[in-house]
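Read through the structure below, which is laid out as structure tokens, and then see the notes.
Read-outs: derived from the displayed coordinates by stated rules, not from any lab. These numbers were taken from a predicted model, which means no experiment stands behind them. Positions of Cβ are backbone-derived with ideal geometry, glycine not excepted, and every protein chain shown enters the neighbour counts.
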Amino acid sequence: MNIACIAWGSLLWKPQGLKLASGWHPGGPAMPIEFARQSDDSPELALVLCDSARLMPTYWAYVATDDLDTARAMLFKREKIRAAFPQWVGSVPAQDGAEDNPRVAAWLRAKGIDAAIWTAIPPKFDGVSGRVPTVDEAVAWLDSCSGPYRHRVPAHHRGAPGLAPAARGACDADALTGAMRCRTQACACASVTLAIAVGK
């Protein structure tokens, strides 16, 4: 069985315990992704799946195992997911009673790949799991970052796929939040696109 990992955030440059059998390739399945989860251990808004988000490009790589349970276990460990939340790693074929993701299943058929895994951690804001921040809340949170943390924030966001050039080149949180505000006003978009995601 050949297994692909689908990725869009820090996993691209920090696979850590996830052992890969190839480099990252563009052209993964389009997924509804948003900067919508406050990290538990660093000052960042993480890119996560969000049903209300627009579809965004992803990357993919082959995992260095032919066993789906082993592949899922590697991603669980890398993402520091507790055993109580098996649904926080998605896969096709689906596991633990979950439903197959038809978008990913169609992409696998087109690529001739047997299976896929991906991070399915939900949004979280102000300590509330499942809560998606508004644009204003997200920008205000970034504005609140200060000192050395303020300059660490954009490093996470710059590496994400689908970012506008202005956001990709942002060197501090002031530039990043400025790009967010401009994109928000241009789109007149109520969802938390954070003004930097370029949809298709």
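Considering only the other residues whose Cβ falls under 15 Å of the Cβ of Ile117, what net charge follows from Lys and Arg at +1 and Asp and Glu at -1?
-1
Cβ under 11 Å from Gly28's Cβ, Gly28 left aside: what net charge do those residues give with Lys, Arg +1 and Asp, Glu -1?
+2
First measure r as the distance between the Cβ atoms of Leu20 and Gln95, then evaluate 1/(1 + (r/R0)^6) with R0 = 22 Å and state the FRET efficiency to the nearest 0.05.
Approximately 0.60, to the nearest 0.05.
Go through Lys19/Lys80; Lys14/Lys124; Lys14/Lys77; Lys80/Lys111; Lys19/Lys124 and tell me which ones have a Cα-Cα distance over 19 Å in this structure.
Going by Cα-Cα distance, Lys14/Lys124; Lys80/Lys111; Lys19/Lys124 fall outside the 19 Å limit.
Does the stretch 10-112 classify as rounded, prolate or oblate by the C-alpha gyration tensor (a ≥ b ≥ c root eigenvalues; a/c under 1.5 gives rounded; else a/b over b/c gives prolate, otherwise oblate)?
rounded
Where does each of Val139, Val104 land when they are ranked from fewest to most other beta-carbon atoms within 10 angstrom?
Ordered from fewest to most neighbouring Cβ atoms within 10 Å, Val139, Val104 come out as Val139, Val104.
Could you check the simple spin-label distance between Asp114 and Ser144, using points 7 Å along Cα→Cβ, in nm with one decimal?
Going by the 7 Å Cα→Cβ label model, 4.7 nm.
Along Cα→Cβ, 7 Å out, is where each label goes; now give me the distance between the ones at Trp13 and Asp126 in nm to one decimal.
3.1 nm
Scan the stretch 25-102 for GluC sites (Glu not before Pro) in coil per DSSP, keeping those whose Cβ has at most 14 other Cβ atoms within 10 Å, and list them by number.
Hits after loop and neighbour filter: Glu99.
So which chymotrypsin sites (Phe, Trp or Tyr not before Pro) in the stretch 4-35 pass both tests, a DSSP loop state and at most 14 other Cβ atoms within 10 Å of the Cβ?
Within the stretch 4-35, the qualifying chymotrypsin sites (Phe, Trp or Tyr not before Pro) (loop, at most 14 other Cβ atoms within 10 Å) are Trp13.
If packing is taken as the average number of other Cβ atoms within 10 Å across a peptide's residues, how do 67-78, 82-93 rank, most packed first?
Final packing ranking: 67-78, 82-93.
Points 7 angstrom from Cα along the Cβ direction at Ala105 and Asp51: gap in nanometres?
Distance between the two pseudo-spin positions: 1.8 nm.
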